[in-house]
1. Per residue of region 10-15, in order, report the coupling 6.51 cos²θ - 1.76 cosθ + 1.60 (Karplus, θ = phi - 60°) as ³J(HN,Hα) in whole Hz, putting x for Gly and Pro.
2. What are the ³J(HN,Hα) values, in whole Hz, obtained from phi via the Karplus relation 6.51 cos²θ - 1.76 cosθ + 1.60 with θ = phi - 60°, for each residue of region 30-37 in sequence order, with x given for Gly and Pro?
3. I'm spelling it out carefully: the read-out is P(r) over Cα pairs in 10 Å bins from 0, in percent, the candidates are [x] 19, 21, 22, 19, 14, 5; [y] 19, 57, 22, 2; [z] 24, 29, 23, 17, 6, 1, and one was derived from this structure. Which label?
Amino acid sequence: GRVWAVTPPEVRILTPKPVRPSAEEVRSNPRARSARLRVAERKG
């Protein structure tokens with residue numbers, strides 16, 4: 001069989017929690033309700 005080595009991703013998380021849209025943004029753009037912005041920077 002195959003052997004898989006799982007390595008942790010080589011990224012640095014820049015936002016501890018996902019950034020959510022403001023109430024004003026959701027009012028003007030209802031599709032923004034489900035938006036979650038996550039930011040990471042590649043190491044190296």
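1. So the J values, rounded to whole Hz, are 8, 9, 10, 6, 9, 10.
2. Residue by residue, region 30-37 yields x, 5, 6, 3, 8, 6, 9, 9 Hz.
3. Only one listed value fits the structure, namely [z].
No value in this document is a laboratory result; all are computed from the given coordinates. It should be emphasised that the depicted structure is a prediction, and the values quoted were computed from it without experimental measurement.
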